[in-house]
Amino acid sequence: MKKPKISAKIVAICFFTVMVAGAAVALVMPLRPSYSESEKRDLTKFPEFSVQALLDGSYFDGISTWYADTFPFREAFISFNSKLKSFYGVGDSISGFSGQVGEEIPIIPEGETAKPVETTTKTPEKTTKPSVTTTQPPTTVPKEEEKDYVVQELGDILIVDNVGYEYYNFVRSKADNYAAAVSKVADKLKGKARVFDMVVPTSMDIILADSVRKGVNSSNQNDAINYIYSMVSKNAIKVKTYDTLREHRDEYVYFRTDHHWTALGAYYAYVEYTKAAEIKTAQLTDFEEVKFDNFLGSFYSDSSKNPAFAKNPDTVYAYRPKGEDVSFKYTDRNGKVNNWEVVYNVSTWSDSTKYNTFVAGDQPYSVIKNPAITDGSSCLLVKESFGNAFAPFLSENYATVHIIDYRYWKGSVSAFVEKNGIDDVIYLNNISATRNSGLISKLDATV
């Protein structure tokens, strides 16, 4: 007996009905999430109506962004995708990066750079180091011959003794595009403001034991940073952080369960910045140290909450300006201005959100004002999330610290600098951002 055929028309009607029903469910406000645990950020809010926004089209653009960013059950989809990645390769030996293999990095011999790196004329001698007083525990990188490492690959994350590391693959065209974006601003602002470029290495090349690192299929970050700096305009001053972070690799300069550096790691980079900018270096004792325990970051989320990380949670240390009159405001993604704190008490926040103690997390625009500094000095920090832990230190050097997160801010950096009479512009990006086409496009859109 023949099975009855289902007509194409019926199939089409069923498909259309399911799509309409799904769309209707997706529009139900209570079902739409407002916060992403896996990405540790507030999701886009439904835009406020105004006649101006309606006329210029931004109201409907806001609705479109809200719809895409807050789709129901998005965390479940992200978690499923993370679990799917974990099947790519889990083992006890290092076989290589599960993503794109890095391209060969052109080695630029000293003195033969494509675009010579500009150096300051009065750099303090290397022996001049700030006194660092901290209660933070050391990372304790063990001696190579005394340690047998437990190594595991989990998708795009390398886990070594319950510590996560992010792979990095060099892509020359993207590195060039990043350098070009910074160069455009540096050239535009020549004679008007100083522009600094700081590309920060990730923990893979800093704290991972050398005996393990040499077997990892991940591009050499020091070579990559040197190449990028060689391509950045001579009108930008390059701030090198790789060597100083290596010098302090036995300290708590990177998190174990998260891809960011710690505030201590950011401080050592700040020291290098003050040398390049020829300004006074604030000491850690100039700030109030606070800490928030049981932080489980992006590696924990991206590995579907791997128990190896849960056994070894991080502590977020932060350094709060001591000045009682230091103020902080941020403008959120809906354009609302909020009074906040440079370092906020997140002790009662969820374990995954505690990195947001720094400058209210990832906001389009923020500003720190220190009325104790009366010289009218100002700087602009153009950053992604690595810049959050760095920003508070600048409050000891400038009367006004402007902060732009180029991923969410719209406008022209060079025009903003000229309008506000800013003295120094600091581009701060972790090296992974220099291989990300989406981020580079957003950076270039703000020149």
Out of (1) modelled with pLDDT of 95 or more; (2) outside any helix (DSSP H, G or I), the odd one out for ASN217 is which?
(1)
From the option list SER233, SER219, SER173, single residue qualifying as of a type in the set (S, T, N, Q), out of contact with any strand residue (DSSP E or B) (no Cβ under 9 Å at 6 or more places or on another chain) and over 30 Å from LEU296 (Cβ atoms) is SER173
Taking the conditions exactly as written (assigned by TED's automatic domain parsing to the domain that holds ARG407 and part of a loop (DSSP other than H, G, I, E, B)), does ILE368 satisfy them or not?
no
Would you check if VAL271 is within 14 Å of VAL163 (Cα to Cα), assigned by TED's automatic domain parsing to the domain that holds LEU394 and not in a loop (DSSP other than H, G, I, E, B)?
no
Scan the stretch 435-446 and give yes if some residue there is surrounded by fewer than 21 Cβ atoms within 10 Å (Cβ to Cβ) and over 21 Å from ARG333 (Cβ atoms), otherwise no.
yes
Among the residues in the stretch 151-167, are any at pLDDT below 90, among the β-branched types (Val, Ile, Thr), farther than 30 Å from SER233 by Cα and in the same structural domain as THR285 (by TED's automatic domain parsing)?
no
Members of the stretch 318-366 found to be within 22 Å of PHE416 (Cα to Cα), over 18 Å from the mean Cα position of the chain (by Cα) and aliphatic (A, V, I, L, M), listed by number:
VAL337
Could you give every pair whose Cβ atoms fall below 7 Å, whose first residue belongs to the stretch 338-352 and is within 20 Å of TYR319 (Cβ to Cβ), and whose second residue is assigned to a loop (DSSP other than H, G, I, E, B) and among the charged types (D, E, K, R), counting only separations of at least 6 or pairs across chains?
none
Looking at GLY265 and the list (1) under 19 Å from VAL151 (Cβ atoms); (2) assigned to a helix (DSSP H, G or I), which single condition is not satisfied?
(1)
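Scan the stretch 317-344 for residues that are outside any loop (DSSP other than H, G, I, E, B), aromatic (Phe, Trp, Tyr) and over 18 Å from ILE373 (Cβ atoms) and report the count.
3
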Checking the condition within 27 Å of GLU48 (Cα to Cα) and touching a helix residue (DSSP H, G or I) at 6+ places or on another chain (Cβ under 8 Å), which residue from GLY361, GLY323 passes?
GLY361
Hits in the stretch 381-434 (condition: closer than 19 Å to VAL337 by Cα and assigned to a loop (DSSP other than H, G, I, E, B))
ASN388, TYR406, ARG407, TYR408, TRP409, LYS410, GLY411
Can you give me the number of residues within the stretch 345-365 that are in a loop (DSSP other than H, G, I, E, B) and more than 16 Å from LEU428 (Cα to Cα)?
7
How about the stretch 248-272: which of its residues are free of Cβ contacts under 8 Å to residues at least 40 places away in the same chain and in contact with a Phe, Trp or Tyr (Cβ under 8 Å, 6 or more places away or on another chain)?
HIS248
Working only within the stretch 178-193, note down all residues that are surrounded by 18 or more Cβ atoms within 10 Å (Cβ to Cβ) and over 13 Å from VAL413 (Cα atoms).
TYR178, ALA179
Near pairs, Cβ below 9 angstrom, 6+ apart or cross-chain, from the stretch 274-292 (free of Cβ contacts under 8 Å to residues at least 40 places away in the same chain and in a helix (DSSP H, G or I)) to any residue that is surrounded by 17 or more Cβ atoms within 10 Å (Cβ to Cβ) and among the polar types (S, T, N, Q):
none
Pick out the one residue from LYS311, LYS336, LYS322 that is in the same structural domain as TYR165 (by TED's automatic domain parsing) and within 17 Å of GLN152 (Cα to Cα).
LYS311
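The values are calculated or read from the model by the stated rules, or taken from the named source; none is laboratory data. All of these numbers come straight from a predicted model, not from anything done at the bench. Neighbour counts are summed over all protein chains in view; Cβ atoms, including those assigned to glycine, are modelled from backbone coordinates with ideal geometry.
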